[in-house]
């Protein structure tokens with residue numbers, strides 16, 4: 001008889017037991033090393049080229065013979081790399097939560113209206129409000145994401161219950177309205193403001209510093225472990241509302257709580273890095289292929305893959321058209337669209 | 001013991017069940033029967049606290065189930081809803097393991113008791129061989145057994161099942177019903193099930209509750225309850241009831257519909273309870 005697909009940590013004589021997906025350590029290690037490797041390579045590319053070895057040396061505080069390295073690696077490039085990894089982690093985790101919650105593999109943070117809400121607020125403030133301080137844009141965008149998600153929740157979930165279709169239809173509707181208003185504002189704005197708004201809308205980690213990193217890191221440090229803790233509840237919810245209720249899950253409360261964690265992660269991401277699409281869609285999907293449907297393995301894996309995807313996209317964006325830089329949000333979209341279409345095609349075929 | 005006290009249930013619109021007071025005998029198999037829309041599924045969902053009562057209560061061992069913490073209740077009462085759908089790729093073993101949810105905490109994720117319960121649920125339902133197969137790749141009967149195994153792993157004294165044999169072929173119907181009977185006989189679990197086939201109810205249940213338009217028409221042992229006049233009143237059919245040649249339980253042979261009157265009310269009942 002084959003055994004259970006997880007590793008059990010269960011000390012004798014203790015009322016304690018832990019369950020870890022059997023595939024998670026291996027997948028986690030490999031993806032983690034890949035993220036690290038790409039970050040190191042990426043820190044060496046750019047206008048001032050540094051060899052990976054010198055990057056590692058500089059990070060470890062060793063001498064490389066070039067006094068510039070410390071400034072470039074540790075002050076300029078490291079916070080950006082770390083931030084892109086964290087944003088990817090947040091988006092991948094958020095996507096895994098939302099796909100589990102809606103029982104829909106095509107769901108991602110954008111269906112909760114998060115991108116639309118944040119984008120709309122940011123564009124309106126940048127273009128219509130004279131001299132709106134740029135450093136308050138992330139805060140306002142975060143608020144916009146929360147309001148949009150709250151609206152979605154009230155319209156689609158509170159009454160609609162266990163109906164992913166209703167959620168998606170309302171999401172598409174709200175997004176259309178939001179995009180229409182955004183476009184309207186862009187067409188009437190002056191060209192300089194529009195350009196600033198567009199850069200934000202594409203999503204990028206360009207020029208992010210330690211200040212941005214430390215503003216974002218606490219969200220991830222709190223919300224990502226919370227997401228992991230919700231994995232077992234998510235497994236039950238994934239069996240349908242009735243079964244979950246029968247298993248003793250407080251469905252309404254759990255659903256609202258998981259939704260809140262997912263929205264907080266995606267909202268904070270959009271605030272710090274702008275609208276980065278498709279990471280929340282692709283990462284959980286690939287994670288499902290690697291570790292299966294159990295959310296205790298799926299949620300952490302999706303987060304790691306999200307980090308990998310964004311770090312890699314940033315690297316591609318920085319090198320492919322050098323010396324020009326393509327925003328990583330654009331790279332994820334270029335990777336994401338064909339991926340999404342393939343998924344849609346397979347989804348339609350299996351249905 | 002599970003009972004209802006002046007239980008009133010309904011969705012938006014008119015009530016489906018009004019002031020219903022029934023008792024479900026402990027340690028027995030109870031079958032809820034009645035025409036479509038009579039409220040039998042609604043009653044089962046109400047018993048399992050999937051619907052909040054508009055009035056009255058479901059009472060478990062003297063306590064209102066709405067006041068029992070839902071997770072604690074889940075260790076006493078399990079429900080298998082109609083046509084549950086397993087996520088793509090989920091294996092039987094993973095599904096059955098989920099039945100342990102109410103017994104787990106964040107610091108107690110997989111105890112030795114969890115493991116034993118899952119293994120024995122797989123053995124009882126004869127699913128050991130299929131344990132590593134994906135649920136969505138199984139046949140209808142195997143899938144139903146997998147879900148029953150999940151409900152068993154929950155280790156509750158009471159198990160509620162909503163039409164456990166629907167969409168199954170004859171052999172699988174018999175298989176599921178025999179499994180339920182075995183569970184009841186061997187570990188004296190209380191089983192309450194909604195069934196469509198009257199002869200399944202008479203063969204496998206100790207207690208039958210016949211509903212029509214949300215009202216109990218009769219309740220008791222199959223021999224006492226299943227009579228031609230009851231079938232006329234509940235289903236609006238003319239039927240012969242004869243003793244089963246092997247077991248002696250009542251066997252129904254429907255011959256046709258009654259005259260106009262009950263059919264009309266039947267349609268009415270359908271319209272009222274179409275969401276049930």
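Read the figures in this text as sums done on the coordinates, not as results from a lab. Remember, predicted model here, so these are calculated numbers, not experimental data. We place every Cβ from the backbone using ideal geometry, glycine too, and count neighbours over all the protein chains shown.
Observations
- For segment B:87-155, the average shadow cast by the Cα convex hull is 4.3 nm², which is a quarter of the hull's surface.
- Cβ crowding within 10 Å, taken as a proxy for footprinting-reagent exposure, orders A:295, A:346, A:69, A:13 from fewest neighbours to most as A:13, A:346, A:69, A:295.
- Neighbouring partner chain Cβ atoms per residue of A:15-22, average, 10 Å criterion: 4
- Two-decimal log10 I(q)/I(0) for segment B:197-243, as the Debye equation yields it once each C-alpha is a single scatterer, q = 0.14, 0.16, 0.25, 0.32 Å⁻¹: -0.29, -0.38, -0.96, -1.40
- Protection proxy ranking, peptides B:208-215, A:4-11, B:17-24, average beta carbon neighbours within 10 Å, highest first: B:208-215, B:17-24, A:4-11
- Geometric extent, Cα atoms of chain A - Rg, Dmax (angstrom): 21.0, 70
- Folded to 0 to 90 degrees: helix B:140-153 orientation relative to chain B principal axis, Cα: 70 degrees
- Dimensionless Rg ratio for the protein assembly as shown, taking C-alpha atoms and the 2.2 N^0.38 Å reference: 1.15
- Mean residue ellipticity (222 nm) of chain B, computed from DSSP H runs ≥ 4 via -39,500 (n - 2.57), nearest 500: -10000 deg cm²/dmol
- Relative protection proxy for A:315-321, A:237-243, from highest mean packing down: A:237-243, A:315-321 (other beta-carbon atoms within 10 angstrom).
- Computed E for residue A:169/residue B:187 - FRET, C-beta separation, R0 56 angstrom, nearest 0.05: 0.75
- Within 10 Å of each Cβ in B:105-113, the average number of Cβ atoms from other chains: 6
- The order of A:94, A:17, A:51, going from fewest to most other C-beta atoms within 10 Å of their C-beta, is A:51, A:17, A:94.
- Here chain B yields Rg over Rh of 0.98, to two decimals, using C-alpha coordinates and the Kirkwood radius.
- Cβ-to-Cβ counts within 10 Å put A:19, A:135 in ascending order as A:135, A:19, the fewest first.
- Distance from the C-alpha centroid of segment A:72-103 to that of segment A:164-226: 15 Å, rounded to the whole angstrom.
- Values of log10 I(q)/I(0), in the order q = 0.10, 0.19, 0.21 Å⁻¹, for segment A:1-134 under a Debye, Cα-only, solvent-free model: -0.65, -1.08, -1.15
- Expected-Rg normalisation [2.2 N^0.38 Å, Cα atoms] applied to segment A:206-304: 1.19
- In chain A, the calculated helix contribution to ellipticity at 222 nm averages -23000 deg cm²/dmol per residue, counting -39,500 (n - 2.57) for every DSSP H run with n ≥ 4.
- Highest GNM mean-square fluctuation among A:202, A:102, A:58, for chain A modelled with Cα contacts below 10 Å: A:58.
- Comparing mean-square fluctuations of A:144, A:178, A:246 from a GNM of chain A with C-alpha springs under 10 Å, the top value falls on A:246.
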